[in-house]
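Notes to accompany the following structure.
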Amino acid sequence: MLDRIAWLLLALIHLMPALAFFRPAMLTRLYAVDAQSPVFLLLHHRAALFLVVLAICVWAAFDPGVRRLASLAAAISMLSFLALYWQAGSPPALRPIALADLAGLPFLTIVAWRAFSPA
């Protein structure tokens, strides 16, 4: 049960950016990017990738067979953002995202440890 809750919390972290795939207007509102800009297309595609991570985390909550893949996907998503955030000088506008990813790291550590531990 603890595993399922942790996976669903990791999915929740990826929910808001994934919703932008279905509601592209969120991208304009959140990032002040014009819908005609090539950057808008990249951000829309980024939302699709967040949807993939969200789906994998929800799947992992109910199917232990995908938990190794899900651990890897969530780790790449969260750790890569945190590394890029710090390399960019920790921009204040992105602090809430960094804090959400940081808050999720203990859950990611637990589920990854359990996914890769021998049964």
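The values are calculated or read from the model by the stated rules, or taken from the named source; none is laboratory data. No experiment lies behind these values; they were computed from the predicted model shown. All accessible areas refer to the heavy atoms of the entire protein, side chains included, with ligands and DNA or RNA removed. Shrake-Rupley method; radii C 1.70, N 1.55, O 1.52, S 1.80 Å.
Once the 1.4 Å probe is applied to the protein heavy atoms, the range 9-78 comes out at 58 Å² accessible per residue.
Surface composition of the chain: carbon plus sulfur atoms hold 75% of the accessible area, using a 1.4 angstrom probe and ignoring ligands, DNA and RNA. For the range 36-119, what does the alpha-carbon gyration tensor say about shape, rounded, prolate or oblate, given a ≥ b ≥ c as the root eigenvalues, a/c under 1.5 as rounded, and a/b over b/c as prolate? Because a/c hits 1.5 or more and a/b fails to exceed b/c, the range 36-119 counts as oblate.
So what's the back-of-envelope 222 nm ellipticity for the chain, counting only DSSP H runs of four-plus at -39500 (n - 2.57) apiece and dividing by all residues, rounded to 500?
On the way: 5 runs with 96 residues, N = 119.
Counting only the DSSP helices, I get -27500 deg cm²/dmol.
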